[in-house]
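For reference, the structure discussed in these notes is given below.
The values are calculated or read from the model by the stated rules, or taken from the named source; none is laboratory data. All of these numbers come straight from a predicted model, not from anything done at the bench. We place every Cβ from the backbone using ideal geometry, glycine too, and count neighbours over all the protein chains shown.
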Amino acid sequence: MSTGALITVNWKIKPEATEAFIAKTAELFKTARLKPGFRNIRLLRGDIDKNEFILIEEWDKSQMWLDYVDYRTKSGEFEAYNAMLAAPAQFGMWDIDAIAAAEAEMV
């Protein structure tokens with residue numbers, strides 16, 4: 001039985017839209033954290049390509065994230081994202097239970 005879901009969303013954003021993308025995403029975080037099953041969310045920016053971003057989210061269940069996306073889609077809030085994209089977003093849904101792992105050794 002899964003102990004949660006990890007969601008990844010990879011974006012390539014138009015250079016002229018990166019600051020608006022960051023601001024819009026940060027604004028959406030304020031209400032995402034109030035949704036049932038939400039655990040945490042992070043937006044990371046590419047180290048080499050500053051127009052690449054990855055969103056990493058944790059939810060109790062994948063279906064809870066899908067319900068959240070449905071809510072955002074029906075509200076029309078995701079339409080602004082489409083205008084900022086340089087390429088289609090890539091989505092991933094992962095079982096949060098690791099099948100292999102390692103940690104740094106404490107010295």
Could you list, in sequence order, the residues of segment 49-72 that are modelled with pLDDT of 95 or more and either hydroxyl-bearing (Ser, Thr, Tyr) or in a strand (DSSP E or B) (or both)?
Glu52, Phe53, Ile54, Leu55, Ile56, Glu57, Glu58, Trp59
From the list Thr18, Thr25, which residue is at negative phi, of a type in the set (Val, Ile, Thr), modelled with pLDDT under 95 and surrounded by 15 or more Cβ atoms within 10 Å (Cβ to Cβ)?
Thr25
Among the residues of segment 21-48, the number that are touching a residue at least 24 places away in the same chain (Cβ under 8 Å) and assigned to a loop (DSSP other than H, G, I, E, B) is 3
Across (1) surrounded by 15 or more Cβ atoms within 10 Å (Cβ to Cβ); (2) more than 20 Å from Ala80 (Cβ to Cβ), Gly46 clears everything bar (1)
